[in-house]
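Notes follow the structure.
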Amino acid sequence: MLSNEPDRFGTEQAYISKLNGAKRRCLTCGRLPGPNGFPEQRPEGDWILFCSMGAQPENFGAPCLGGYGSDLYVMRPDGSRVTRLTRKSDPDDGARYDNRADGVPYDNYHPYWSPDGRHIVWTRAEAHPLDEGGQRWEMMLADFVTPRHGKPHLAHVRVVGPAFGVYETQAWAPDGSGFLFTAFGPRRSPFQSSPPGWMNLELYYMRLYGRGASPRHPRVTHLTDNDPTYEEQAVFTPDMRDVIVMTSRGRPGTWYQTIATAAQWLDFDAPDPGSAGTPMFLLDFSDPKFTSDLYMVDVATGAVRRLTSFHHIIPEFSWNASNTRLLWTEAARASDQISPLKRITRVGGFAGITRAQRRIPHRPPAPGLFGRPIDMSRVERVRPRNELPSAAVSPSPPAPSPTARAAGAARQTVPPVTISYVTLLFQELHDLAVLAGGGIDQPPH
């Protein structure tokens, strides 16, 4: 089992162990400056993909889980031959950024191997000033090349999810035809005909191969139901007839649900969700009421079934090699914060998944998974801002959470440009509150 856990200095590292935790060994300790994490083994078993923030002397967040400063790396299963994959694909050639330099803060996160190990998909974010377009989120696809002589590298790096709101790439479909992703943005979406609403996080499937789809012309299927709840991680069942998703819908009345519901009902919109969505992620999880559990969505009917009732936060999960059990990590709360000391790894099995249902199909079983072309004409073009709205008041930058401090030790630093993103979000929340008659613009404490 691969995992990321804090070492004795409190810095996140990539580990390998038996499923029961025995024979635990650190793969990145002493090999690469941390924090390091999110390890995932290539299906062939010869390389491990992971993220590191060590190339940036100042960073924020956690490797591959959101923030600023993550790069994609690979290493051999024994921790040797550590190789950086992302540099040319990042702004300023991956140059250092800090309070004294002009580099663009960036992040590469949530990468996943394709089932055949030939491709990697991930989300890239670049934090430009608001007058230069603000934060841009894109979904990336690249070929993983392992030459007989020389280092592994990425080739044919291309954008399959053009800049729109906020993205998070999820796991590939078992048949290798495409991948799941979540996204929120302005009121309208290029991925569905009915408006999901401002900042409403929805789940989609992007098909890249087969029946009229290609990386240049992908097709997208909307999988969730516009319910104004937080929905983030997702995996297909092996037969691709269901999708398991992490969602907050079991705990109504959260701050996020209030905001998303009000925006839906009032037809509220704002022009720059890509930048405003950056601090929105932090505020979602700061709500003491926020919890998440696993639900199953029937691809053909849209029916939703609850699978867990832990009332914690389940940030990451995946199938074991035989597709019979799910492994996930829970984050319990200490007072009103997510505590890394309360992190628990569980192994769960779900009844009703038969041997036949574990068979990977040769083609998508549900006609709906063939998808529709992306309609970028439904999204207003983001225009650079020369200045912030005059009514906006700059709040203090959000303090790093306990999770972030443990992951990055003393180097956790919020890039200055993000303060303008916080100001932008607060202005948009104020506008929504005015439209609603007040009472909903204050983030949780």
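Every residue in segment 431-445 that is assigned to a helix (DSSP H, G or I) and either charged (D, E, K, R) or touching a residue at least 60 places away in the same chain (Cβ under 8 Å) (or both), please.
Asp431, Leu432, Leu435, Ala436
For segment 106-133, give me each residue that is among the charged types (D, E, K, R), surrounded by fewer than 23 Cβ atoms within 10 Å (Cβ to Cβ) and part of a strand (DSSP E or B). Glu126 - this is the single residue of segment 106-133 that is among the charged types (D, E, K, R), surrounded by fewer than 23 Cβ atoms within 10 Å (Cβ to Cβ) and part of a strand (DSSP E or B). Scanning segment 39-54 for residues that are outside any strand (DSSP E or B) and more than 14 Å from Asp116 (Cα to Cα) yields a total of 2. Only residues that are surrounded by fewer than 19 Cβ atoms within 10 Å (Cβ to Cβ) and either of a type outside the set (Phe, Trp, Tyr) or under 14 Å from Cys51 (Cα atoms) (or both) were counted across segment 7-30, and they come to 16.
Take the residues in segment 249-263 that are surrounded by 16 or more Cβ atoms within 10 Å (Cβ to Cβ) and either over 23 Å from the mean Cα position of the chain (by Cα) or of a type in the set (Phe, Trp, Tyr) (or both); name whichever of them is nearest to Arg136 (Cα to Cα).
Tyr256
The sole residue among Gly150, Gly103 that is free of Cβ contacts under 8 Å to residues at least 40 places away in the same chain, among the small types (Gly, Ala, Ser) and surrounded by 15 or more Cβ atoms within 10 Å (Cβ to Cβ) is Gly103.
For segment 173-189, a residue qualifies if it is on the phi < 0 side of the Ramachandran plot and surrounded by fewer than 23 Cβ atoms within 10 Å (Cβ to Cβ), and the qualifying residues are Pro174, Asp175, Arg187, Arg188.
Taking the criterion of being of a type in the set (A, V, I, L, M), surrounded by 16 or more Cβ atoms within 10 Å (Cβ to Cβ) and modelled with pLDDT under 70, the only residue of segment 355-370 that qualifies is Ala366. Among the residues making up segment 298-321, a single one is buried (at least 18 other Cβ atoms within 10 Å of the Cβ) and either on the phi > 0 side of the Ramachandran plot or modelled with pLDDT of 90 or more (or both): Val299. Among all residues of segment 107-130, there is none that is free of Cβ contacts under 8 Å to residues at least 24 places away in the same chain, out of contact with any Pro (no Cβ under 6 Å at 6 or more places or on another chain) and more than 24 Å from Glu316 (Cα to Cα).
One line per residue, one yes/no per condition, for (1) touching a Phe, Trp or Tyr at 6+ places or on another chain (Cβ under 8 Å); (2) among the charged types (D, E, K, R); (3) buried (at least 19 other Cβ atoms within 10 Å of the Cβ):
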| residue | (1), (2), (3) |
| --- | --- |
| Leu32 | yes, no, yes |
| Pro35 | no, no, yes |
| Asp46 | no, yes, no |
| Phe50 | yes, no, yes |
| Met53 | no, no, yes |
| Ala62 | no, no, yes |
| Tyr68 | yes, no, yes |
| Arg84 | yes, yes, no |
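Within segment 215-227, residues that are on the phi > 0 side of the Ramachandran plot have Cβ atoms under 9 Å from residues that are buried (at least 17 other Cβ atoms within 10 Å of the Cβ) and part of a loop (DSSP other than H, G, I, E, B) in these pairs: Asn226/Gln192; Asn226/Pro195; Asn226/Pro196; Asn226/Gly197; Asn226/Asn200, counting only partners at least 6 apart in sequence or on another chain.
The values are calculated or read from the model by the stated rules, or taken from the named source; none is laboratory data. A quick note: this is a predicted structure, and the numbers were derived from the prediction, not measured. Don't worry about glycine lacking a Cβ; one is built from the backbone with ideal geometry, like all the others, and counts go over all protein chains shown.
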